[in-house]
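One structure below.
No value in this document is a laboratory result; all are computed from the given coordinates. Keep in mind that this is a model prediction, so the values were computed, not measured. When we count neighbours, we look across all protein chains shown, and the Cβ atoms used for this are built from the backbone with ideal geometry, even at glycine.
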Amino acid sequence: MDSHECQGCAEYRELSRRQFMAVTGGAAVAFSAPAWLPRVVFAQDFCSDRDVMVCIFLRGAADGLTLCVPFTESAYYAARPTLAIPPPDSSDPNHATNLDGFFGFPPAMTALLPAYQAGHLLMVHACGSMDSSRSHFDAQRFMEIGQPGSQSLFTGWLGRHLVSAPPINPNALLRAIGMGYTLQQSLQGGPLTLPIPDLDLFGLAGNPGTVAARIAALHDMYELVEDPLHAAALTTQATIDLLNTIDFVNYQPAGGAVYPSGSVGYALKSTAALIKADLGVEAVAIDVGGWDTHNNQGPTVGTMANLMTGLSGGLAAFHADMFSGNGRNVTVVAMSEFGRRLAQNGNDGSDHGHGNAMLVLGNHIAGGRVLTQWPGLAPDQLFQGLDLQVTIDFRDILAEIVQQRLANNDLSFVFPDFTPTFRGVTQAIQPGDMNCDGDVNLADYAAVNACLSGPVTPAPANCARADADADADVDMADVRAIQNAFGG
Amino acid sequence: MNLFKLLAARTGVLDELDKIGALPSRRALLFGSSVLGTLWASKGRADPPPPVLNWMVQRLTMGFTGEELALAQAAGTAQDYLEYHLAYTAIDDSTLDQRLQSYPTLFMQPYELIPVSPAHIISELTEATILRSVLSKRQLFERMVEFWTDHFNIDINNGNARWLKTIDDRDVIRAHALDTFPALLSASAHSPAMLYYLDNASSVAGNPNENYARELMELHTLSVNGGYTQQDVIEVARCFTGWTVYPTNWPVETLRWTFRYNGAVHDNGAKVVLGHDIPAGGGINDGLMVLDILANHPSTAQFISKKLCKRFWSYDPPQSLIDDVAATYTATGGDIKEMLRTLFANPDPATVPPKYKRPYHLLVSGLRGAAADIVTTTGLRTQLAAAGQIPFSWGPPDGYPDTLSAWVGLILPRWNFGAALMNNNVSGTSVDINAFLAGVPNTAQGVADQIDTALFGGQMPPADKDRIRDYMLPDPPTTARKREALGLAIGSPGYQWY
């Protein structure tokens, strides 16, 4: 920083330091590296201006009318004699748990009640893609490219976000991971992005004594080819070393979180370790398959109940793990290509439908409620006379997250030819809460101090939280505002 | 909005990257598949196109071998070599057939499978499939089996398909892989594994299950934009009510788990499918009529032809080629051999971009090229699972993808396969390096030349070959280095393409 432009910086720093100290008396916060992360310096700053995005796709068309039960709708009960989840006041032990007087969780989703009650989980209903397709593969593609109906767009919305946003960590070797063997379409086009089926198993086989020589040979050969093979190979080589720094097996979750066995729990546990290791990965895509319940849907016992138990248990553990204590900047969305038919079929299952429920989880999400413009379930209120309508475009939800939580204003690039309506999915950031723990106290002091730039100069990187008046600098006006919010 | 002001100052970074070409241009990212397709279909190096017979071997087989090239050369032209493989029943495969006798579930009837553990059935079918891919002399037939296995995908881990996929493999896919498409389609529609997998087995009048009806049109015949509506899905589902499977306790033992038409649960009302009237009271003929309508629909000819061209020609085949193959489909009643004849009528490697091997293809080609000895496929199955393509295990009904973008990211298992195979870490499979190098000078260059000959037919990219050679220096190379060099060649960039 040019000292000439930072007239008064020393003054601001001294002033703010005194004010912080006066209130709290001061205390040092100690950090130490946990044993599961032995080989890298543990990130002391849990918090950045931007969230890590965890995008869960429920493949096969998850039944939103079970995930989030509209228990005041008589049409729901009439159309689903054996599939409906009984209302909260039912004596049936498998009754729904009331969320807001209209919607409820089925028993297999109640693990998410703590996150909902903490205000971190937002349910969105009658949401989805306006495109009428009931094809799994088209509808998934439309959602993942972020442009329903398009036959020409190939890259994914998350990939385009990564392209159009500078890396959270400028030195990141890997910016996004798609859990799996093939890269999710949502991440296609993303820089430094790889599909990885198991974060814990990512090393070069063969004689350990020649690994370095073989890596060198592979590097030299792949150096000469073009993308995408070039990028995949070189990113893979960097990632081998990167992931080797984390002992995923012995990772100890925080907040008493216990991840359930099963693929979702494992994927989310690995993701938590990865995020806490702070290597610069800013997007993770996770697939959960098996939701195409045409036959014996099993909303309380069986296929769908098992899937929901895995999902809700995994997310609940992730919530406890990531948002305990200071919390991490993470937003999770869980979405599915479309919902299922209101009326059950002849096999205690349901066929392809339209509108659906979506889950959004994060410590800056305006949760604890069901966001919906409920269209009703009477015959004349149904899409094509069959299915729940879509009244909220899924891109409204994602675009707000991209702008407000991923700090990317380039929405016309991420979601082409679409003007989103922000629906209050996200919460405003509290100025001065540098460590994202929900309040402003002494622990935030040093970080605010480091951001002081004076009234003319733009603040350094990662200082948006200190820029209370959003004028690009961090100056006395900001310190004053932060001081007013000081809660200890 | 403070975040954005700060970030606005940084966006210049991206523009700089754009300028130096470090990122795909924003235009390419937005305007997608055609632009990227062009970029990605390129190997990225100015390697000369392979001679046409080498190219034909790569296209028609599961991996280049010197033996196949010799067969092609002995046959004469590309078309002669194609005819050799189309007449697959004339190719002696008795050695493999004899070996497959030791997998008894391959030859059982459905009722005989009922008491067998599904893990055992799956194991035998998977092992037989890998052995056929690597060892069969009827390589084009095996390529077509793989093609139709993807097209009529059934997840072998799903319900009764755990027992019955092996029947579908034998009586549907293998029985009709080079037959006509309508015959194949009809066999699939009657296949107990398919009837279970897509839930038609339980679909009954009054409240039919739409799963099979939709995928029949979307994935098996017309394609998603092939001209059907949601109402057509409902009508087709009605037509197929009652197409089911005899239960395992049926009194006639030999009928158990075979196709059953149960008229008692069939919807006998009139239907309209794609504009065709299907009169009331048609019984089983309703479904047969639907299959006929679909097989004769121009969208089906176009869809099947395009998919064949994408598999055998390039990711982005010329529309004129697709149209030619589709015309053959229409003219011959969907004769698969005739379609392949049209497809390969004018092979021109110089104008056809290479394709990226899927994981299964890469592993099988490596086993073929290195002349691996497979005693059991235990370790190979672990390798295939790690690479993401163990046979019959794709969950959704669209089959393992055949796109560059799907597979290009996960390259580590490809390197690891080469490394593990040559480090004797693939249980049940080994490579005799001395046999592989018989008669070859014991120099790094000599070994590299032999790798080029055996795996690439002399078409190995020179830079890769030089680097592999250098890996073995100084002369004389150690056995360990020679083994590792072969492993590296399997993982080298040039070997990922065909």
Step through the residues of segment B:169-178 one at a time and calculate ³J(HN,Hα) from phi using the Karplus curve (6.51 cos²θ - 1.76 cosθ + 1.60, θ = phi - 60°), rounding each to whole Hz and writing x for Gly and Pro. 4, 7, 8, 10, 5, 5, 5, 10, 4, 10
Candidates per trypsin sites (Lys or Arg not before Pro) in segment B:180-275, loop by DSSP, up to 15 other Cβ within 10 Å: none
Please work out the FRET efficiency for the pair B:T376 and B:A74, using the Cβ-Cβ distance as r and a Förster radius of 30 Å; give the result to the nearest 0.05. 0.35
Could you work out the equivalent-ellipsoid semi-axes for segment B:323-433, taking the square root of 5 times each eigenvalue of the Cα gyration tensor, largest first, in whole Å? 33, 17, 15
Let me check I've understood the local charge: for B:L96, count other residues with C-beta under 11 angstrom from its C-beta, Lys and Arg +1, Asp and Glu -1. What total comes out? 0
Taking the Cβ of B:A371 as the center, what net charge do the other residues with Cβ under 12 Å away carry, scoring Lys and Arg +1 and Asp and Glu -1? -2
Please give the residues of segment A:358-401, grouped as numeric ranges, whose backbone N is less than 12 Å from a label point set 7 Å along the Cα-to-Cβ vector of A:Q427. A:362-369
Scattering profile of segment B:212-351 at q = 0.11, 0.13, 0.20 Å⁻¹ [log10 I(q)/I(0), Debye over alpha-carbon scatterers]: -0.53, -0.68, -1.07
Final fewest-first order of A:I240, B:I490 on the 10 Å Cβ neighbour count is A:I240, B:I490
Rg/Rh for segment B:248-320 to two decimals, with Rh computed the Kirkwood way over all alpha-carbon pairs. 1.19
Is it possible to state the helix-based mean residue ellipticity at 222 nm for chain B, with each DSSP H run of 4+ residues giving -39500 (n - 2.57), the sum divided by total residues, to the nearest 500 deg cm²/dmol? What is it? -15000 deg cm²/dmol
Ascending count of other beta-carbon atoms within 10 Å, so fewest first, for B:M472, B:M194: B:M472, B:M194
Below 8 Å between Cα atoms, with a sequence gap of 6+, how large is the relative contact order for segment A:323-407 in percent? 28 percent
With the calculation restricted to Cα positions, what are the radius of gyration and Dmax of segment B:160-261 in angstrom? 13.9, 44
Computed over segment B:58-148, the distribution of all Cα-Cα distances in 10 Å bins, rounded to whole %, is 15, 42, 27, 12, 4, 0
Links exceeding 27 Å between C-alpha atoms in this model, out of B:K137/B:K307; B:K337/B:K465; B:K271/B:K306; B:K337/B:K357; B:K306/B:K337, come to B:K337/B:K465; B:K271/B:K306
Apply the Karplus curve 6.51 cos²θ - 1.76 cosθ + 1.60, θ = phi - 60°, to the phi angles in segment A:334-346 and return the couplings in whole Hz, x for Gly and Pro. 10, 9, 9, 5, 6, x, 10, 3, 4, 7, 6, 8, x
Mind running the shape call on segment A:150-227? Use the C-alpha gyration tensor, a ≥ b ≥ c as the square roots of the eigenvalues: rounded below 1.5 for a/c, prolate if a/b tops b/c, oblate otherwise. prolate
Let me confirm one metric for peptide A:340-348, namely the mean number of other chain beta-carbon atoms within 10 Å of its residues' beta-carbons. 4
For a distance above 33 Å, tell me the whole-number percent of Cα pairs in chain B that qualify. 45 percent
Taking placed amide H atoms and a strict 5 Å upper bound, the residues 5 or more places from B:V273 or on another chain that come that close are B:I278
Calculate, for A:A378 and B:T478, the FRET efficiency according to 1/(1 + (r/R0)^6) with r their C-beta to C-beta distance and R0 51 Å; round to the nearest 0.05. 0.05
Where in segment B:73-112 is the amide nitrogen less than 15 Å from a point lying 7 Å along the Cα-to-Cβ axis of B:D348? none
Computed on alpha carbon atoms, what radius of gyration and Dmax characterise segment A:436-488, expressed in Å? 10.1, 29
One quarter of the convex hull surface, Cα atoms only: what value does that give for chain A in nm²? 25.9 nm²
Relative contact order, percent, of chain A when contacts are C-alpha pairs under 8 Å separated by at least 6 residues? 26 percent
In peptide B:491-498, how many Cβ atoms from other protein chains are near each Cβ within 10 Å, on average? 4
At 222 nm, what value in deg cm²/dmol follows for chain A if DSSP H runs of at least 4 each add -39500 (n - 2.57) and the sum is divided by all its residues, to the nearest 500? -9000 deg cm²/dmol
For segment A:174-326, the Kirkwood Rh over every pair of distinct alpha carbons, in Å, works out to 17.3 Å
I'd like to know which of A:S129, A:P170, A:Q117 lies farthest towards the positive end of the charge dipole of segment A:96-177, counting +1 on Cβ of Lys and Arg and -1 on Cβ of Asp and Glu. A:P170
Once you average over the residues of A:149-162, how many Cβ atoms of partner chains fall within 10 Å of each Cβ? 3
Alpha carbon Rg of segment A:188-268, scaled by the compact-globule rule 2.2 N^0.38 Å: 1.35
Taking A:T372, A:T391 and counting other beta carbon atoms within 10 angstrom, the fewest-first order is A:T391, A:T372
Hey, with R₀ at 45 Å, roughly what FRET efficiency would A:A78 and B:D398 work out to, going by the Cβ-Cβ distance, to 0.05? 0.85
Roughly how many nanometres apart are two label points built 7 Å out from the Cα toward the Cβ at B:V252 and A:E223? 7.1 nm
Could you tell me the relative contact order of segment A:240-310? Use alpha-carbon pairs under 8 Å, at least six residues apart, and round to a whole percent. 27 percent
Per residue and in Å³, how big is the convex hull formed by the alpha-carbon atoms of segment B:186-228? 73 Å³
Label-point gap, in nm, between B:A87 and B:K310 - each point 7 angstrom along Cα→Cβ: 3.4 nm
How much length would be gained if the chain were fully extended between A:N98 and A:N171, taking 0.36 nm per residue of separation minus their Cα-Cα distance, in nm to one decimal? 21.6 nm
Convex hull (Cα only) mean projected area of the protein assembly as shown, reported in nm² to one decimal: 41.9 nm²
With the crude spin-label approximation of a point 7 Å out along Cα→Cβ, what separation in nm comes out for A:I215 versus A:A470? 4.5 nm
